[in-house]
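Student: One structure, pasted below without further comment.
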Amino acid sequence: MDINWHDLFIVGNPLILGSQIAILLSVIGIVALLTYLKRWKWLWREWLTTVDHKKIGIMYILAGVLMFFRGGVDGLMMKAQTSRPEMNFLDAQHYNEVFTTHGVIMILFAAMPLLIGIMNYVIPLQIGARDVAFPQLNALSFWLFFSGAMLFNISFVIGGSPDAGWAAYFPLAGKEFTPGIGNNYYAVAIQIAGIGTLISGINFIVTILKMRAKGMTLMKMPMFTWTSFIASVIIVSAFPIFTVALALMTLDRIFGTHFFTLSGGGMDMMWVNLFWLWGHPEVYIVVLPAFGMFSEVIATFSRKMLFGYKSMVFSVVGIALLSMLVWVHHFFTMGAGPAVNSVFSITTMMIAIPTGVKMFNWLFTMRKGRIEFSTAMLWALAFIPCFLIGGITGVMLAMSAADYQYHNTLFLVAHFHYTLIPGVVFAVFAGLYYWWPKMFGHMLNEKLGKIHFWLFTIGFNVTFMPMFFLGLDGAVRRSYTYSAESGFAPLFLVSAIGAVILALGFATFCYNIYWSARYADRNISNDPWNARTLEWATASPAPFYNFAKVPEVKTLDAFWYMKKHNEGLTLSDDEIKEIHMPSNSGLPFYMGIIFGITGFLLVFEWKLAALVAAVGIIIGLIIRSFDYNDGFHVTVDEIKETEKSWRSSDGKGVKNHVG
Amino acid sequence: MLLSGCDGKLVVFDPKGPAARDILDLINWSLVFMVVIFVFVIGLFVFVIWKYRARPDNDGYEPPEEHGSTKLEMIWTALPIVIVIALTIPTVKTVYGLEKPPAEYADKEPIVINVTSADWKWIFSYPEQGIETVNYVNIPAGTPVQFKLTSAGTMQSFWVPALGGQKYTMNKMETEMYLTADQPGEFLGRNTNFNGRGYADMEFTVEAKKPEDFEKWVKEVKDTAPKLTEKKYLSLLKPTHLGRETYVGTHLQWVDHGKMNSGTYTNPELYEVHGVKGKIFKDEESKDKSTNMDGMNMDENSDGGEQSGH
């Protein structure tokens, strides 16, 4: 094991040197701050060992926002490099690393945790459960995700970044063409995070099927619960494919097998198929919960129940089924023949049918409503036209013969940013503005929220609209530069300016979090939006046991019904019983660390050391098997105390139903 | 059309051959539907949020609770189905049509050009003429060209947007494509599938010449260009950037990378960049083949037809 320190730490690039210094300083800063405030114990007790779905949700969201920042900086660097022809801001190799990490981070380490974070916080509350079905497993999911994300993120300062694109097509991603260890990070880090995601999927399926409040039948579940349930089903069906593909990639790269290589009878096309067999369903894993959030927000701020609830449910199930049948549309140009391309054109276009149904249902939910333009609602409204553009260009791309001209151009890049940004990022913002008071007991500032909204949506359109036209003019994706004669320069410049506006929007959001945490009014009710679903029936922020008494569900929009009929809103002392809750555990955190260390050693191909570290994983499993801790009981007195603190105020001075 | 209205036409909207024209017809057909859908949905959207917005004077308005409407929901399920069918039929027709030589030039016998992509250059072999070019390809205008596509290494995509759509080039695989230029002219082609450091420069030019000029050029090449040697060819496969090059003879006499059991020609050690180097696995079998060129001839009898169309 001869370590070359010069190679280990990437040197000689001012951008990377700057990041190395920044990382070092922020680590020192955080350690110093925690020590100064004497918060180490608090950190361990309240966060690192927690099994509370709400805290885990918040940690997911925090990690997601951080990763969104990292992925966003990657995006800005790409936009800076392509703002002028023949720019020398990044060289080809650096640009390749940047777009690879941008893709992986945005999809797997930003979109996924933001959505899973919101699912974590909201779903148990929405179905009237005390926690998820397997709370400790939930913590393990988070720490595995976090460990994978951190491992992936250090690649650019230690050892070298992956540089074969987020889809890591073979043979390029094999040792024959990328002999450095950069792409080992891809294979190993995503694998670790993926295990976490798979476990999350199982956890949510069981939670939603087994832990709903009394009376909440499947067809009385809130739409966000439905879409998250279906997304979890897709996770469980699609992620194992990726797990296997990544394992084969690891074998190819680290142990010299020939699954996808050119030599030894490997089959590079097999990787492409396996990748998209996971990759396309993955798109729906992120977009379905987002659809659910829009449904909740649109219903709440239109003061109406969701129009066509049943057809919404059927269309979500339809999208899930179709999502597994369309993967070939990512490579119509592979020459599979006209019959195959025709079939996959049809299945892909069929996705437009259930999606169209959802669109119209949202529009008709608003019709005859009383639409309030809160920040959350603005995100949902902007989603409709922007996603429509993403949708119709998607149908255009689905027409395989036409795709021969769009494939791998910026037209495609514009299309999927027009689906993923309105479909996921807008939804996450809508969800955060909407559920923030439930999570933290104060709202995000609406004025800053609107500035954030306008900067972000305008910036988004200015960034990505020109790319449709660039693509039709022959500009390809992933190219670090272009010639002045190509005539692409003006539109690229417009796009780069848009990216700056987009970034300002995100900065406003971060400032809004800070401002609201310091100055926002804490004196708000548990139901500031006059909402419809159960999570608003308990305190804001929700107590750790969620509900003192789990409400009984009679109809869809259970909380709305309770408010209209004045049922179950009050709590008498004799209704309060002891509550059984799970105990904290340090084991998931330990597992995250040991997985991270094992992964790191494997990335550097120090196989023996990795094997030794892997023993730590087995030890963790053994410890867990002999864990007989059965949780604890919350006493009636403690519950009474907690409930009194938010129920007794008689609504005096409490801002309710702010618009 | 909005997209082709401006004087500097976007390349996809300015086809110079039958394949690109067929695709453009399909794109224009789809655009009509997309514009109608867009206008309709946006119209409905603006109408709804304007009419039903919260105003001070409708403060007490209690929206009705409606569960949905089977009739409406049927309509907006059925309509997209109709649209999908209307788009599917021409798509399938075009997809099948593009696999054949263009009907407009049915009377002309297509010429064959083998395309081999390597890092980071395009190699064009004219088996009938016995010449080979790098990073440019001359074709006779008005004659269909059957491009047989393969790659010596990474997966790449062959695209000449003015003449038609694109297709992947893959090692040990052969894909095919017909392109035809209506008139003499110069067109830009490039790789669209990312393949590492030199990807951005993987461009080539297609020059369609008058048939007699094409013949003249072939003859000229045969008289003046250097002969392609095996050693020279192996050096072409190394990851380099090259300008235009021209040779007499084609590399097909030594290896056709489109054949399933052609050798593996990789140079992993030439791809090292910054960062930690991983272990490179040497494959004995492929090493033998790439150094011992005689071995290639054994593959002559193998059936290439099986791989084409993958």
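Student: Give me P(r) over the protein assembly as shown, computed from all C-alpha to C-alpha distances, binned every 10 Å, as integer percentages.
Tutor: Histogramming the protein assembly as shown at 10 Å steps yields 2, 11, 20, 23, 19, 13, 7, 3, 1, 0, 0 percent.
Student: For a quick check of your reading of the filter: which GluC sites (Glu not before Pro) in the stretch A:555-638 sit in a DSSP loop and have no more than 16 other Cβ atoms within 10 Å?
Tutor: Listed in order of number, the matching sites are A:E567, A:E578.
Student: Quick query: amide H of A:G308 versus all other amide H atoms, modeled in the peptide plane; which residues come in under 5 Å with a sequence gap of 5 or more or a different chain?
Tutor: Those lying under 5 Å, H to H, from A:G308 are B:G68, B:S69.
Student: Hey, another quick one. Can you find, among A:A542, A:F255, A:I618, the residue sitting farthest towards the positive end of the charge dipole of chain A, where Lys and Arg contribute +1 and Asp and Glu -1 at Cβ?
Tutor: The residue sitting most towards the positive pole is A:A542.
Student: By per-residue mean of other Cβ atoms within 10 Å, what is the highest-first order of A:468-478, A:304-314?
Tutor: A:468-478, A:304-314
Student: Within the stretch A:601-621, find all residues whose amide N lies under 20 Å from a label point positioned 7 Å from the Cα of A:L8 along Cα-to-beta-carbon.
Tutor: Counting only backbone N, you get A:601-614.
Student: Using only atoms on other chains, find how many Cβ atoms lie within 10 Å of each Cβ of peptide B:145-154 and report the average.
Tutor: On the way: counts 0, 0, 0, 0, 1, 0, 3, 1, 5, 12.
Mean partner-chain Cβ count within 10 Å for B:145-154: 2.
Student: Under a 5 Å amide H to amide H cut-off, with H placed in plane at 1.01 Å, what residues pair with B:M155 once short-range neighbours are removed?
Tutor: Hits under the 5 Å cutoff: A:L172.
Student: Could the peptides B:188-200, A:61-73, A:281-293 be put in order, highest first, of the mean number of other beta-carbon atoms found within 10 Å of their residues? All intermediate terms of the calculation are to be shown ahead of the outcome.
Tutor: Numbers: B:188-200: 23.1, A:61-73: 19.5, A:281-293: 26.4.
Peptide ranking by packing, descending: A:281-293, B:188-200, A:61-73.
Student: Going by C-beta contacts inside 10 Å, put B:K121, A:K358, B:K282 in order with the fewest on the left.
Tutor: Values: B:K121 25, A:K358 22, B:K282 10.
Least to most surrounded, the residues fall as B:K282, A:K358, B:K121.
Student: Taking amide H atoms as placed 1.01 Å from N in the peptide plane, list the residues 5 or more away in sequence, or in a different chain, whose amide H sits under 5 Å from that of A:I579.
Tutor: Here A:V634 satisfy the definition.
Student: In nm, give the distance between the simple-model label positions of A:D91 and B:K71, each being 7 Å from the Cα along the Cα-to-Cβ direction.
Tutor: Here the answer is 7.0 nm between the modelled labels.
Student: While we're looking at this one, here's another question. Give me the inter-chain shielding for B:19-28: mean count of other chain Cβ atoms within 10 Å, whole number please.
Tutor: So the per-residue partner count for this stretch is 3.
Student: State the Cα centre-to-centre distance between the stretch B:60-74 and the stretch A:528-569 in whole Å.
Tutor: If we compute the Cα centre of each part, the gap is 23 Å.
Student: Once you sort the root eigenvalues of the Cα gyration tensor of the stretch B:170-209 as a ≥ b ≥ c, which label holds: rounded (a/c under 1.5), prolate (a/b larger than b/c) or oblate (the other case)? If you can, show how the numbers build up before the last one.
Tutor: Working: a/c = 3.75, a/b = 1.44, b/c = 2.61.
Oblate, because a/c is 1.5 or more while a/b does not exceed b/c.
Student: Let me ask something else about it. Rounded to whole Hz and in sequence order, give me ³J(HN,Hα) for the stretch A:578-591 from the Karplus expression 6.51 cos²θ - 1.76 cosθ + 1.60, θ = phi - 60°, writing x for Gly and Pro.
Tutor: Result, ordered by residue: 4, 10, 8, 10, x, 7, 5, 8, x, 4, x, 5, 4, 5 Hz.
Student: Extending each Cα 7 Å along its Cβ direction at A:M219 and A:F416, get the distance between those two points in nm, one decimal.
Tutor: Placing both labels 7 Å along Cα→Cβ, they lie 3.8 nm apart.
Student: Computed FRET efficiency, Cβ-Cβ of A:E575 and B:W50, R0 41 Å: what is it to the nearest 0.05?
Tutor: 0.30
Student: Given the protein assembly as shown, what percent of its DSSP beta bridges are antiparallel, to the nearest 5?
Tutor: Numbers: 36 of 51 bridges.
So the antiparallel bridges in the protein assembly as shown amount to around 70 percent.
Student: Something else now. For a quick check: sort A:W362, A:W40 by the number of other beta carbons within 10 angstrom, fewest at the front.
Tutor: Neighbour counts put them in this order, fewest first: A:W40, A:W362.
Student: Just to verify a number: FRET efficiency for B:K231 and B:K100, C-beta to C-beta distance, R0 = 56 Å, to 0.05?
Tutor: 0.90
Student: Next up: Output the peptides A:79-85, A:192-198 sorted from most to least packed, where packing is the average of other Cβ atoms within 10 Å over each peptide's residues.
Tutor: A:192-198, A:79-85
Student: Give, rounded to the nearest 20 debye, the magnitude of the charge dipole that chain A has about its Cα centre when Lys and Arg contribute +1 at Cβ and Asp and Glu contribute -1 at Cβ.
Tutor: It works out to roughly 1780 debye.
Student: Using the number of other C-beta atoms within 10 angstrom as an exposure proxy, rank B:H251, B:H274 with the fewest first. Before the final figure, lay out the partial values.
Tutor: Details: B:H251 23, B:H274 20.
Ranking B:H251, B:H274 by Cβ neighbours within 10 Å, fewest first, gives B:H274, B:H251.
Student: Continuing with the same structure: Report ³J(HN,Hα) in whole Hz for each residue of the stretch A:177-183, in order, from the Karplus equation J = 6.51 cos²θ - 1.76 cosθ + 1.60 where θ = phi - 60°; Gly and Pro get x.
Tutor: Taking θ as phi minus 60°, the curve returns 10, 10, x, x, 8, x, 6 Hz for the stretch A:177-183.
Student: Each residue of the stretch A:186-192 in order: what ³J(HN,Hα) in whole Hz does its phi give by Karplus 6.51 cos²θ - 1.76 cosθ + 1.60, θ = phi - 60°, with x for Gly and Pro?
Tutor: Karplus-based 3J(HN,Hα) across the stretch A:186-192 equals 4, 4, 8, 5, 5, 4, 4 Hz.
Student: A further question on this structure: As an exercise, identify the GluC sites (Glu not before Pro) in the stretch B:188-278 lying in DSSP coil whose Cβ has no more than 14 other Cβ atoms within 10 Å. Before the final figure, lay out the partial values.
Tutor: Numbers: sites: B:E203, B:E207, B:E212, B:E215, B:E220, B:E230, B:E245, B:E269, B:E272; in loops: B:E272.
When the GluC sites (Glu not before Pro) of the stretch B:188-278 are filtered for loop state and at most 14 Cβ neighbours within 10 Å, B:E272 remain.
Student: Going by the alpha-carbon gyration tensor, a ≥ b ≥ c the square roots of its eigenvalues, is the stretch B:109-250 rounded (a/c under 1.5) or, if a/c is not under 1.5, prolate (a/b greater than b/c) versus oblate?
Tutor: Cα axes put the stretch B:109-250 in the oblate bin.
Student: Another question about this same structure. In whole angstrom, note down how far apart the Cα centers of the stretch A:264-340 and the stretch A:136-173 are.
Tutor: Rounded to whole Å, the Cα centres lie 23 Å apart.
Student: Which whole number gives the average count of other chain Cβ atoms within 10 Å of the Cβ atoms across peptide A:412-421? Mind showing how you got there, number by number?
Tutor: Working: counts 1, 0, 0, 0, 0, 0, 0, 0, 0, 0.
Taking the mean over all residues of the peptide, I get 0.
Student: Apply 1/(1 + (r/R0)^6) to the Cβ-Cβ distance of B:A86 and A:I23, taking R0 = 51 Å, and write down the FRET efficiency to the nearest 0.05.
Tutor: The calculated FRET efficiency here is 0.40.
Student: Same structure again: I want to check the label-to-label distance for A:K447 and A:W42. Put each point 7 Å from Cα in the C-beta direction and report it in nm to one decimal.
Tutor: With each label placed 7 Å out from Cα toward Cβ, I get 3.0 nm.
Values quoted throughout were computed directly from the atomic coordinates according to the rules given, and no laboratory measurement underlies them. From a predicted model like this one, the values you see are computed outputs, not experimental measurements. Counting neighbours? That spans all protein chains shown, and the Cβs are built from the backbone with ideal geometry, glycine included.
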